[in-house]
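Working notes, structure below.
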Amino acid sequence: MAKASKSQEEIANEAINHALKALRKRHLLEEAAHAPAFDALSRPIASQGSEWKEKAENLQVELQQCYKAQSRLSEQLVVEVAEARASKALVQEKESAIADMLKELTEVRDECSQLKMDLEQKIKSLELVVSENSEIKAQLEQMTAKAMKAEAENKMLIDRWMLEKMKDADRLNEANALYEDMVARLKASGLEQLARQQVDGIVRRSEEGAEFFLESNIPSTCKYRLNAHEGGCASMLFEYNSSKLITGGQDRSVKVWDTNTGSLSSTLSGCLGSVLDLTISHDNRSVIAASSSNNLYVWDLNSSRIRHTLTGHTDKVCAVDVSKISSRHVVSAAYDRTIKVWDLVKGYCTNTIIFHSNCNALSFSMDGQTIFSGHVDGNLRLWDIQTGKLLSEVAAHSLAVTSVSLSRNGNVVLTSGRDNLHNLFDVRSLEVCGTLKATGNRVASNWSRSCISPDDNHVAAGSADGSIYIWSISKGDIVSTLKEHTSSVLCCRWSGTGKPLASADKNGIVCIWT
């Protein structure tokens with residue numbers, strides 16, 4: 001830029017020198033033009049007076065022209081100098097702009113270099129991440145393969161464990177059988193003697209407290225509305241040959257009610273979990289509760305004290321029943337996929353049945369030798385109480401079975417399911433002899449209990465809409481619909497004397513119907 005500026009100054013100086021040379025040349029030309037005048041002057045003035053005057057005038061005119069030309073040249077020179085200065089200022093301004101641009105270019109180049117370095121680092125980091133990702137992917141594939149292998153091994157171990165558990169149960173059952181056989185040989189004279197007679201499928205009992213019943217009436221009126229339990233009531237039953245009602249709820253209590261007055265007679269406490277099912281011995285001495293605490297609790301009804309706490313299940317116990325020919329044997333089902341047979345005299349489990357589907361409800365047969373069980377897979381199964389072997393199996397429902405009830409004569413078993421059907425099976429052939437259903441009837445839970453009337457003519461079942469439906473077994477149609485509950489009805493029970501009918505709902509309200 002300095003070189004360019006110097007060339008502009010040289011141009012201006014050359015223009016000035018050129019103008020001076022032009023003036024000198026003109027001056028020389030003028031001197032040459034004045035040479036004749038000087039020659040004439042050297043002549044005599046008198047002879048050349050007019051000629052000199054004329055020449056003087058011409059010279060004067062030419063001098064004026066020269067002055068004018070010199071003035072124009074001076075003006076032109078001033079203009080050119082001003083233009084040169086302006087050009088110089090412009091050149092300086094552009095040099096400053098070029099310097100700024102060079103500085104900015106340098107900064108941009110530095111930034112570009114930095115960005116290039118950052119890009120190279122990020123490319124390296126990306127390559128490292130891609131490499132790590134590939135390694136992690138390979139490790140994931142290896143771990144997936146190991147997990148699949150471990151899952152297969154785990155399944156194999158579970159199968160082996162289940163097999164060993166079944167073998168242990170069989171060995172335990174064999175040991176119990178040997179023990180019972182030994183006790184039977186040693187104490188043959190002390191064994192309990194039972195008189196049983198089966199005529200037309202009806203068991204007659206010779207022991208004290210034999211049942212009697214009247215013809216069951218169809219209830220229509222809610223006599224009492226009891227606030228029985230907090231958090232819901234899912235199980236209840238009547239004492240044999242009595243109007244006393246026993247209820248169990250989520251508040252971990254079992255209560256005894258007088259249905260004639262609607263008053264609370266006693267409370268059985270000590271249960272550590274929700275009561276999911278109840279049963280009572282035929283002598284009305286013992287009440288057994290199935291609990292969510294994985295245990296069974298046995299109370300003495302007269303003293304309201306716990307006699308036994310039966311432990312052995314590893315998950316909540318959801319169903320329990322006592323033998324119909326003896327107050328000694330109890331059967332229970334839990335969500336550990338086991339059914340256990342208990343001896344209340346000995347106070348421990350005498351047989352364990354293991355099956356793949358959880359059991360929701362069960363009942364003893366009239367002869368006490370067979371167990372009816374309803375399962376989550378919708379099947380009804382029959383088991384031999386002595387050997388624990390599966391005797392028969394039938395697909396009762398398309399969804400889980402929630403209730404199993406035996407008729408008074410022992411010829412019909414009632415099952416209820418989550419498919420909202422109530423099926424009646426002939427015990428001898430396990431064929432369906434009736435199906436009861438209603439448009440508004442919806443089974444509320446996996447432990448909703450239905451019941452058969454004592455005269456074996458009617459079936460009562462609760463619904464999720466708070467209604468109670470009563471069907472005629474012979475006709476298969478609805479004879480009454482009772483509405484008093486405001487929440488799902490979980491349980492219905494008929495008194496063995498024919499009346500009243502009791503129902504319990506999800507809010508713990510118990511209604512007594514007459």
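The values are calculated or read from the model by the stated rules, or taken from the named source; none is laboratory data. Computed from a predicted structure; not experimentally measured. Glycine also receives a Cβ, built like all others from the backbone with ideal geometry; neighbour counts cover every protein chain displayed. Note: areas computed on protein heavy atoms with side chains; ligands, DNA, RNA excluded. Shrake-Rupley method; radii C 1.70, N 1.55, O 1.52, S 1.80 Å.
Is it the case, given these coordinates, that Val459 is touching a residue at least 40 places away in the same chain (Cβ under 8 Å), within 16 Å of Arg408 (Cβ to Cβ) and surrounded by 20 or more Cβ atoms within 10 Å (Cβ to Cβ)?
Judged against the criteria, Val459 is a match.
If you check Lys475 against the conditions, is it over 41 Å from the mean Cα position of the chain (by Cα), among the basic types (Lys, Arg) and open to solvent by 10 Å² or more (accessible area, probe 1.4 Å)?
So Lys475 passes the test.
When you scan region 326-344, how many residues do you find that are on the phi < 0 side of the Ramachandran plot and open to solvent by 20 Å² or more (accessible area, probe 1.4 Å)?
The number of residues fulfilling the criteria is 6.
Would you mind finding the one in Glu95, Glu127 that is touching a helix residue (DSSP H, G or I) at 6+ places or on another chain (Cβ under 9 Å) and either at pLDDT 90 or above or farther than 30 Å from Thr352 by Cβ (or both)?
Glu95
Give me a count of the residues in region 303-341 that are part of a strand (DSSP E or B) and under 39 Å from the mean Cα position of the chain (by Cα).
16
Residue-by-condition table, conditions (1) in contact (Cβ under 8 Å) with a residue 12 or more places away in the chain; (2) part of a strand (DSSP E or B); (3) crowded, with 17+ Cβ neighbours inside 10 Å:
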position	(1), (2), (3)
Thr435	yes, yes, no
Asn441	yes, no, yes
Ala464	yes, no, yes
Ser480	yes, yes, no
His485	yes, no, yes
Cys492	yes, yes, yes
Ile512	yes, yes, yes
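Scan Lys165, Lys116 and give me the residue that is within 30 Å of Ile353 (Cα to Cα) and part of a helix (DSSP H, G or I).
Result: Lys165 is the single residue among Lys165, Lys116 that is within 30 Å of Ile353 (Cα to Cα) and part of a helix (DSSP H, G or I).
Among the residues in region 260-282, are any open to solvent by 50 Å² or more (accessible area, probe 1.4 Å) and among the charged types (D, E, K, R)?
No - not one qualifying residue is present in region 260-282.
Do we have any residue at all in region 342-352 that's of a type in the set (Val, Ile, Thr), modelled with pLDDT under 95 and in a loop (DSSP other than H, G, I, E, B)?
Within region 342-352 (the criterion being of a type in the set (Val, Ile, Thr), modelled with pLDDT under 95 and in a loop (DSSP other than H, G, I, E, B)), the answer is yes, since at least one residue qualifies.
As an exercise: evaluate Asn379 against (1) farther than 13 Å from Thr415 by Cβ; (2) open to solvent by 10 Å² or more (accessible area, probe 1.4 Å) and give the number of the one condition it does not meet.
(1)
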